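S.K.: Sharing a structure with you now.
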Amino acid sequence: MEKSCTLLIHFDKGTPALANEIKEALEGNDVPAKVDAMKKAIMLLLNGETLPQLFITVVRYVLPSEDHTVQKLLLLYLEIIDKTDSKGRVLPEMILICQNLRNNLIHANEYIRGVTLRFLCRLNEVEIIEPLIPSVLANLEHRHPFIRRNAILAVMAIYKLPQGEQLLADAPEMIEKLLLSEQDQSAKRNAFLMLFNCAQDRAINYLLTHVDRVPDWGDLFQMVVLELIRKVCRTNKAEKGKYIKIIISLLNAPSAAVIYECAGTLVSLSSAPTAIRAAANTYCQLLLSQSDNNVKLIVLDRLSELKASHREIMVDLIMDVLRALSSPNLDIRRKTLDIVLDLITPRNVNEVVLTLKKEVVKTQSGELEKNGEYRQMLIQAIHSCAIKFPEVASTVVHLLMDFLGDSNVASAMDVVVFVREIIETNPKLRVSIVTRLLDTFYQIRAARVCSCALWIIGEYCLSLSEVESGLATIKQCLGDLPFFSVSEEEGTDSSKKSQQVTSITVSSRRPAILADGTYATQSAASETAFSPPTVVQGSLTTGNLRSLILTGDFFLGAVIACTLTKLVLRLEEVQSSKSEVNKASSSVLLILVSMLQLGQSSALPHPIDNDSYDRIVLCIRLLCNTGDDIRKIWLKSCRESFVKMLSDKQLRETEEIKAKAQVSHSQPDDLIDFYHLKNRRGMSQLELEDEVQDDLKRATGEFSKDGDDANKLNRILQLTGFSDPVYAEAYVTVHHYDIVLDVTVINRTKETLQNLCLELATMGDLKLVERPQNYTLAPESSKQIKANIKVSSTETGVIFGNIVYETSNVLERTVVVLNDIHIDIMDYISPAVCSDAAFRTMWAEFEWENKVAVNTVIEDEKEFLDHVIRSTNMKCLTAHSALEGECGFLAANLYAKSVFGEDALVNVSIEKQSDGKLSGYIRIRSKTQGIALSLGDKITLKQKGGS
């Protein structure tokens, strides 16, 4: 059986020492060798060795040693050896160490006395302790504080033993007298701790008597005071007013640990605005004054909790929280931005956006390696602000457009998506955004960013000058035609189709970024010199679109073709001169044909894909023969789809906000206090505020209730049968990292059950915290047994076990086998939201995949998806509008997060067969194997349908 251990030391099992070598070293006179041997002996004992012959050697050769290190190691050795036999009686040879311990307690050297007193704190055998009590009490009055403080701890440890009150009946009174006369801060703290643990009323009395001196006590003493206040206020809420004053006075303590504890205690005890504001200010002060990143992250977690329950107070501190962005750590910056974005109001949005703009500008100058990622976070934050408060968009959109050519593709992508949304939601900014986009288009180096920017140009260039500038800019970035140099034999043929241009080698001003994110310097005969049109503010430069197409990116080629086609169609509407339109149309047709030529040539390693080829050919046909219906589809329907997508997104966000805003209301017959009728005599402003807040919480049902009785009954599991001599049932409570089993055991017999023990074992990532205890159960009586289990990952676990007991009639033990308790993965995962881009990134990164074939009696695709969402407790990321209509197939992405921070991604792809049944696959991906397998099992179990 496992034993409790008070000592933990790292042990390298490489070369374990031999018992004989240790014994020889201990018998010698060499002190360093003796020290080394004692260390080896302690290591072996801690790792399960018994070394039964060593005790007598230690008593003979180590006990008499005067060396302090040897004496300290001797005490550690005595601490970990077995001092009792199998029946719990103290071994007779232990009497040999009693005299040595008594000698140590009256030793002339303070260190020997101190460490011996410390050793007594970890001794549980009353037979060894009892003869030493007079010596321990004598040390309470020793002149040296080191001995006094350890003597107090020893008295506390003895008093807390099962027979401690008989051994030291007047200990609390003695320690209280000592506390009144003691001058040393550590000794005073230990004395107060003893009263706190053993005689709480005396500790409270001392605290209230010396309330004015609390700020002058040391930080360790103040921490114990705060612990006492928390304990008292939990049991007696009516008393908390006078204690809150003490906490407020400690908020100015010099110790960071004390003020952090003060803030936490204030928040847990009071809801008064003054108290919450004081706590929030303290957290902000710690956030700026502490350099440790872990401390900052913990403080940000506390601020996040405050934001959830006291948003209106946190709104006033938003700028203080924003100052945490000065930390170079990305996790701190991410958490800070998450908190700030939830606190933005029309009153503070301009100030916040100004700060974020300054931070974006800083990322340009700095040489930090993570600048690109930080810039991306800032752009997303500004995007969020601009969507919530459109009036700030005009102040940031032009600054952000400078980053369209950012080397961090994700950051540039965020900018272009932001620009696309702003140009639709803020019509006033359309002209300036289009002009700026055309000016900076040549800087864009990423194909995905180019695609989005081209779509914006195609949709939002409306006036004649904008359409002409758009066409000119795209042509400039494509360079002169053809896209590759042809051989002499083909020269004559190609010259008939297109105008031959003399190619000259041009070196690029900057490296091009290819579609895969790598750099490439273009200086080949395929590049041609061209003079930029007046729209572009710049000089000779390699066309970014040309570089990307020459790498074989024909999807971008198809996007260019569509954009040019849209611009020509719009030119027909705004340009009165037919010849100008024809001229533009023919030049665009030339570009499209050249693109097809490039795609079908051997100049590139891969030919053009069929999809891109079809799109470019469609554009060519359209330019040759346009009709009104086609024009309407190309010039209006695309924009309408985008507008619908934005309105759907806004609707979803609004619904989520409404769902969060719904709070539980109180029952019709719940008691409400009217604080206007309260007796205010003797109450401070803070106490009155606190009372009012508690009453308001009670009235609005904000006090957390223990849960519905019906829900409790649902979680009770029967562990044994009704006909078993012992009936047991368990109520399972899951607290994130802990599972508490509240087991009720009932003796159904007419006999007394002795040594009844609930033996549990676990499977999966579950671990029992404490060892089982034995109980005696009277006839037909019951017993509540609590078992704590630690959880370390999101995985379906199983708890199984037995109840073992003895009766007076039967000698052998009786075993009742319990039903298994299955811990459901659904207790650990909750629906969460992430962007489509983040989902795709995680989908590509995560290595564990579980593929579950669809096998269900449900015949409707949407109904099956809803059933999977309900069964897995996940959030559907696919927009509701995308799932509407009847088309015979459905694909949706689901997402959830576990309490351990793990991500669970699910993709549902189903199709309706001709016989009406559904087929397809549900794919689950996660970083860890456990969550993927457990979710797969859950879906397999639940997907049939029904409940």
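S.K.: Calculate how many DSSP beta bridges within the stretch 858-947 are antiparallel, expressed in % of all such bridges and rounded to the nearest 5.
M.R.: 100 percent
S.K.: Moving on to the next point. Using the Cα atoms as the points, what is the convex hull volume per residue of the stretch 413-471 in Å³? Show your work: numbers first, answer last.
M.R.: On the way: hull volume 4.2 nm³, N = 59.
Spread over its residues, the Cα hull of the stretch 413-471 gives 71 Å³ apiece.
S.K.: Oh, and also: Which of the three applies to the stretch 537-624, rounded, prolate or oblate, going by the alpha-carbon gyration tensor with a ≥ b ≥ c and a/c under 1.5 meaning rounded?
M.R.: Details: a/c = 2.41, a/b = 1.44, b/c = 1.67.
In terms of gyration-tensor shape, oblate.
S.K.: While we're here: Protein chains only, probe 1.4 Å: how do M826, M38 rank by accessible area, largest first?
M.R.: M826, M38
S.K.: Could you give the accessible area per residue of the stretch 888-947, probe 1.4 Å, as a whole number in Å²?
M.R.: Accessible area per residue: 45 Å².
S.K.: Does the stretch 181-297 come out rounded, prolate or oblate by the C-alpha gyration tensor, with a ≥ b ≥ c the root eigenvalues, rounded set by a/c under 1.5 and, if not, prolate when a/b is larger than b/c and oblate if not?
M.R.: oblate
S.K.: Between the stretch 734-748 and the stretch 168-183, how far is it from one alpha carbon centroid to the other, in angstrom?
M.R.: The stretch 734-748 and the stretch 168-183 have Cα centres spaced 40 Å from each other.
S.K.: Here's something else I'd like to know. For the stretch 342-436, with the dipole built from +1 on Lys and Arg beta-carbon atoms and -1 on Asp and Glu ones, taken about the Cα centre, which of L343, Q376, N408 lies farthest toward the positive end?
M.R.: Toward the positive end, the furthest listed residue is L343.
S.K.: Quote to one decimal, in nm, the extra length available between L618 and D184 on full extension: 0.36 nm per residue of separation minus the C-alpha distance between them.
M.R.: 147.2 nm
S.K.: First compute the accessible area of the stretch 338-417 with a 1.4 Å probe, then give the percent of it belonging to carbon and sulfur atoms.
M.R.: Whole-percent figure for carbon plus sulfur exposure: 52.
S.K.: Specify the inter-centroid distance of the stretch 545-586 and the stretch 220-262, based on alpha-carbon positions, in whole Å.
M.R.: So the two Cα centres are separated by 72 Å.
S.K.: Also, I was wondering about something else. Quick one: 3J(HN,Hα) in Hz for the stretch 282-296, Karplus 6.51/-1.76/1.60 with θ = phi - 60°, rounded, Gly and Pro as x.
M.R.: 5, 4, 5, 5, 5, 4, 8, 8, 8, 8, 6, 5, 5, 4, 4
S.K.: How far, in nm, would the chain grow between E580 and K942 when pulled straight, counting 0.36 nm per residue and subtracting the alpha carbon separation? All intermediate terms of the calculation are to be shown ahead of the outcome.
M.R.: Working: separation 362, 0.36 × 362 = 130.32 nm, distance 6.51 nm.
Contour length minus the Cα-Cα distance gives 123.8 nm.
S.K.: Do you know the relative contact order of the stretch 292-366, to the nearest whole percent, from alpha carbon pairs under 8 angstrom that are 6+ apart?
M.R.: Across the stretch 292-366, relative contact order equals 32 percent.
S.K.: Based on the mean of other beta carbon atoms within 10 Å per residue, what is the order of 563-571, 275-283, 852-860, most packed first?
M.R.: The peptides rank, most packed first, as 563-571, 275-283, 852-860.
S.K.: Please give the length that would be gained between R323 and C887 if that part of the chain were fully extended, namely 0.36 nm times their separation in residues minus their C-alpha to C-alpha distance (nm, one decimal).
M.R.: Result for the pair: 197.8 nm of gain on full extension.
S.K.: Under the classification rounded if a/c is under 1.5, otherwise prolate if a/b is larger than b/c and oblate if not, where does the stretch 816-859 fall, given a ≥ b ≥ c as square roots of the Cα gyration tensor eigenvalues?
M.R.: Cα axes put the stretch 816-859 in the prolate bin.
S.K.: What number, in percent, do you get for the relative contact order of the stretch 192-323 if the mean sequence gap of Cα pairs under 8 Å and at least 6 apart is divided by its residue count?
M.R.: Once divided by the residue count of the stretch 192-323, the mean separation gives 16 percent.
S.K.: Enumerate the calculated ³J(HN,Hα) couplings along the stretch 90-95 in order (Karplus 6.51 cos²θ - 1.76 cosθ + 1.60, θ = phi - 60°), each rounded to whole Hz, writing x wherever the residue is Gly or Pro.
M.R.: Karplus-based 3J(HN,Hα) across the stretch 90-95 equals 5, 5, x, 5, 5, 5 Hz.
S.K.: Going highest first, how would you order 872-881, 404-413, 19-28 by mean Cβ packing within 10 Å? Can you show the working numbers first?
M.R.: Working: 872-881: 17.8, 404-413: 21.5, 19-28: 15.6.
Highest mean packing first, the order is 404-413, 872-881, 19-28.
S.K.: So with the 1.4 Å probe, I'd like the accessible area per residue for the stretch 298-376, rounded to whole Å². Kindly include the intermediate steps, with their values, before the conclusion.
M.R.: Numbers: 3880 Å² over 79 residues.
In whole numbers, the stretch 298-376 has 49 Å² accessible per residue.
S.K.: Additional query: Tell me the label-point distance for the pair A844, R813, using the 7 Å Cα-to-Cβ offset, in nm and rounded to one decimal.
M.R.: The answer from the label model is 5.8 nm.
S.K.: In whole percent, what relative contact order does the stretch 767-894 give with Cα contacts below 8 Å and a gap of six or more residues?
M.R.: Numbers: 97 pairs, mean separation 22.2, N = 128.
With pairs under 8 Å counted, the relative contact order is 17 percent.
S.K.: Next question, about the same structure. Whole Å is fine, so just give me how far the alpha carbon centre of the stretch 59-101 lies from that of the stretch 864-913.
M.R.: So the two Cα centres are separated by 65 Å.
S.K.: Can you give the FRET efficiency to the nearest 0.05 for L167 and T69, using r as the Cβ-Cβ distance and R₀ = 35 Å? Walk me through the numbers before you get to the answer.
M.R.: Numbers: r = 31 Å, r/R0 = 0.90.
So the FRET efficiency works out to roughly 0.65.
S.K.: Between L464 and C121, what is the label-to-label distance in nm when each label sits 7 Å out along the Cα-to-Cβ direction?
M.R.: Going from the L464 label point to the C121 one covers 9.1 nm.
S.K.: Run the simple label-point estimate for T435 and N788 please: 7 Å along Cα→C-beta, distance reported in nm.
M.R.: 6.8 nm
S.K.: If you don't mind, there's one more thing I want to ask. Can you list the lysines whose alpha carbon sits under 17 Å from that of K296, skipping same-chain ones fewer than 8 residues off?
M.R.: Answer for K296, where 17 Å is the Cα cut-off: K307, K335, listed by chain and number.
S.K.: Leaving ligands and nucleic acids out of the surface, order T57, T776, T626 by accessible area at 1.4 Å, largest first.
M.R.: Numbers: T57 10, T776 95, T626 45 Å².
My answer, sorted largest first, is T776, T626, T57.
S.K.: Can you run phi through the Karplus equation (6.51, -1.76, 1.60; θ = phi - 60°) for the stretch 463-479 and list ³J(HN,Hα) in whole Hz, with x for Gly and Pro?
M.R.: My calculation for the stretch 463-479 gives 7, 4, 4, 5, 5, 5, 5, x, 4, 5, 5, 5, 4, 4, 6, 7, x Hz in order.
The values are calculated or read from the model by the stated rules, or taken from the named source; none is laboratory data. Please read these numbers as outputs of a predicted model, since none were measured by experiment. Neighbour counts are summed over all protein chains in view; Cβ atoms, including those assigned to glycine, are modelled from backbone coordinates with ideal geometry. These accessible areas exclude ligands, DNA and RNA; they are computed on the full protein's heavy atoms, side chains included. Shrake-Rupley method; radii C 1.70, N 1.55, O 1.52, S 1.80 Å.
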